[in-house]
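Reading through the structure tokens given below for one structure.
The values are calculated or read from the model by the stated rules, or taken from the named source; none is laboratory data. None of the values given here were measured: they were computed from a predicted structure. Reconstructed Cβ throughout: ideal geometry from the backbone, glycine too, with neighbour counts over all protein chains shown. Remember, those area values only see protein heavy atoms, side chains included, never the ligands or the DNA or RNA. Shrake-Rupley method; radii C 1.70, N 1.55, O 1.52, S 1.80 Å.
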Amino acid sequence: MDALDRKILTELQMDGRLTVTELAARMRLSVSPCHRRLRDLEREGAIRGYRAIVDPAAVGLNFEALVFATLGWEDADTVTDFEAAVSAIPHVIQAQRLFGEPDYLLRVATTDLAAYQQLYDEQLARLPGVQRLNSTLVMKHVVHDRPLPE
């Protein structure tokens with residue numbers, strides 16, 4: 001990946017709806033080489049996809065919590081079962097496996113505190129292998145969905 005590819009990625013992170021023609025103009029390339037580079041970046045996996053970034057509040061998801069999960073044991077089956085169960089919960093909008101303790105960080109979005117409490121009691125607390133859950137509430141997003149640095 002060269003500097004031009006990195007610049008293409010930067011532009012697309014800022015505006016994923018750019019047409020190839022617009023992108024080519026910003027890169028000072030003709031459309032064909034720009035399109036070829038774009039397809040190569042997609043094929044190589046540098047670009048994993050395109051999507052709209054939706055404001056959670058606009059769809060009624062006004063409450064967000066970060067949940068730290070510690071497993072009682074970490075054998076392969078427990079980890080696989082936990083990750084499959086977490087992936088099946090739509091309100092878990094991000095999940096990361098961590099080194100050390102806790103084992104996982106989950107980002108959860110719900111309509112309000114009552115909905116979060118219900119989700120916690122009925123789904124999160126029942127996840128396979130969970131020994132302990134700790135939640136902290138998100139007060140404010142300071143940096144959110146920032147493009148990756150060049």
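Residue check: LEU61 meets all listed conditions (1) exposed (fewer than 11 other Cβ atoms within 10 Å of the Cβ); (2) touching a strand residue (DSSP E or B) at 6+ places or on another chain (Cβ under 9 Å) but one, namely (1).
When residues in the stretch 98-123 are screened for being assigned to a helix (DSSP H, G or I) and not aromatic (Phe, Trp, Tyr), 8 of them pass. Would you confirm, using the coordinates I've provided, whether PHE68 is in contact with a helix residue (DSSP H, G or I) (Cβ under 9 Å, 6 or more places away or on another chain), in contact (Cβ under 8 Å) with a residue 40 or more places away in the chain and surrounded by 14 or more Cβ atoms within 10 Å (Cβ to Cβ)? No; evaluated as a whole, the condition is false for this residue.
In the list ALA95, ALA84, which residue meets the criterion of being assigned to a strand (DSSP E or B), free of Cβ contacts under 8 Å to residues at least 24 places away in the same chain and open to solvent by 50 Å² or more (accessible area, probe 1.4 Å)? Just a single option satisfies the conditions, and that option is ALA95. For beta carbons closer than 9 Å, sequence separation of 6+ or different chains, a first residue in the stretch 122-150 that is open to solvent by 100 Å² or more (accessible area, probe 1.4 Å) and a second that is in a helix (DSSP H, G or I) and charged (D, E, K, R), the qualifying pairs are GLU150/ARG6; GLU150/LYS7. Has the stretch 61-68 got at least one residue that is under 14 Å from GLY16 (Cα atoms), charged (D, E, K, R) and not in a loop (DSSP other than H, G, I, E, B)? Looking for residues that are under 14 Å from GLY16 (Cα atoms), charged (D, E, K, R) and not in a loop (DSSP other than H, G, I, E, B), one finds none in the stretch 61-68, hence no. When ILE47, ILE53 are checked against the criterion of being surrounded by 16 or more Cβ atoms within 10 Å (Cβ to Cβ), out of contact with any strand residue (DSSP E or B) (no Cβ under 7 Å at 6 or more places or on another chain) and part of a loop (DSSP other than H, G, I, E, B), a single residue qualifies: ILE47.
Do we have ILE89 as assigned to a loop (DSSP other than H, G, I, E, B), touching a helix residue (DSSP H, G or I) at 6+ places or on another chain (Cβ under 6 Å) and open to solvent by less than 60 Å² (accessible area, probe 1.4 Å) here?
no
If only residues of the stretch 8-44 that are among the small types (Gly, Ala, Ser) and outside any loop (DSSP other than H, G, I, E, B) are counted, the one that is least open to solvent (accessible area, probe 1.4 Å) is ALA24.
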